[in-house]
Amino acid sequence: MAYREFQPIAALRHRVDAYWINRRDAGDGTPIDRVLPDACIDLVFRSSADGGWLFSSALIERPIYFDGNSPAWYVGVRFRPAMARGVLAVDPADCRDRDLPAREIDPWFAALEAQLQDAASPEQAFVILKCAVDARLAHNERYEAPTRVQEALRLLSRGGDAPQVRHVAHQLGIAERSLHRDLVRWSGLSPKILARILRMQRTLAAIRTRAAPLAHVALHMGYADQAHMTRELKGLSGYAPSELMHVRNLQDAT
């Protein structure tokens, strides 16, 4: 499998996490792929011998698995948490635990899907998708998440329990109920779930640097102890922290 990732232009980095290409050949030795929760929604085009289709990826709270040996290639754009509305213009909650065929969103996506189906290679499809997404983002600025939502996401990534959620609401000067409503509207996920996922992603990055013992990472990330961190990571990723040091990052191998 060959996964390549590309950064957006500076003006879009607060809305787009990355553009990517993922190509698999039959029998490449990767029988199973797992996708980890990251609180992001991707717009993905999948091409295989059966044809091609464009869809928005599911928001998940647990790892999902699929056959990695089927020959196919994918191109996609991963939006930062709460930022997918700038392109999709749908309620992110509609993406909870299911892939949403993009042609069901509006006719623009049906036309884009047809263009992508005519692409002769992943690279050509990548250019088509990137240009279309960049143009749509430029014309849909009104769908950008409010500053308070972006700040809430930043603060929530520092911790994951109920008192932390209340503390974030207090820091923003809003009721906890208002914080919940805003985050569900823009991200599709509740504050508590977002906090757990965002902290997991920061923890994964720290673990893979191997710069500190796991016990130190646990305390730095706000877990009660290493055992607490292990339970959280095992539940969200399917891996124990010691295993995450040795596996490649599959969270975006959609």
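Values computed for the structure shown
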{"read-out": "Amide H contacts under 5 Å for residue 16, placed H, 5+ residues apart", "value": "80"}
{"read-out": "Alpha-carbon Debye profile of the range 147-244, log10 I(q)/I(0) at 0.23 Å⁻¹", "value": "-1.09"}
{"read-out": "Karplus-derived HN-Hα couplings along the range 178-192 (A = 6.51, B = -1.76, C = 1.60, θ = phi - 60°), whole Hz, x at Gly and Pro", "value": "5, 4, 4, 4, 4, 6, 5, 4, 8, 10, x, 10, 6, x, 5"}
{"read-out": "For the chain, alpha-carbon Rg relative to the globular expectation (2.2 N^0.38 Å, N residues)", "value": "1.02"}
{"read-out": "Dipole in debye (nearest 20) - the chain, about Cα centre, beta carbon charges: Lys, Arg +1; Asp, Glu -1", "value": "920 debye"}
{"read-out": "Efficiency of FRET between residue 114 and residue 154 - r from beta-carbon atoms, R0 35 angstrom, step 0.05", "value": "0.35"}
{"read-out": "DSSP loop trypsin sites (Lys or Arg not before Pro) with at most 16 other Cβ within 10 Å excluded, longest remaining stretch of the chain", "value": "14-97"}
{"read-out": "Residue list for the range 32-60, given a label point 7 angstrom along the Cα-to-Cβ vector of residue 130 and an amide N cut-off under 16 Å", "value": "43-45"}
{"read-out": "Computed helical MRE - 222 nm, the chain, DSSP H runs ≥ 4 contributing -39500 (n - 2.57), nearest 500", "value": "-13000 deg cm²/dmol"}
{"read-out": "Mean projected area in nm² (Cα convex hull; one quarter of hull surface) for the range 2-143", "value": "8.1 nm²"}
{"read-out": "Dipole axis of the chain (+1 Lys, Arg; -1 Asp, Glu on Cβ), positive-most option in 43, 150, 110", "value": "150"}
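Throughout, read-outs are computed from the coordinates displayed, never taken from laboratory work. Nothing here was measured: the structure is a model prediction, and the numbers come from that model. For neighbour counting, all protein chains shown are included, and Cβ atoms are generated from backbone atoms with ideal geometry for every residue, glycine included.
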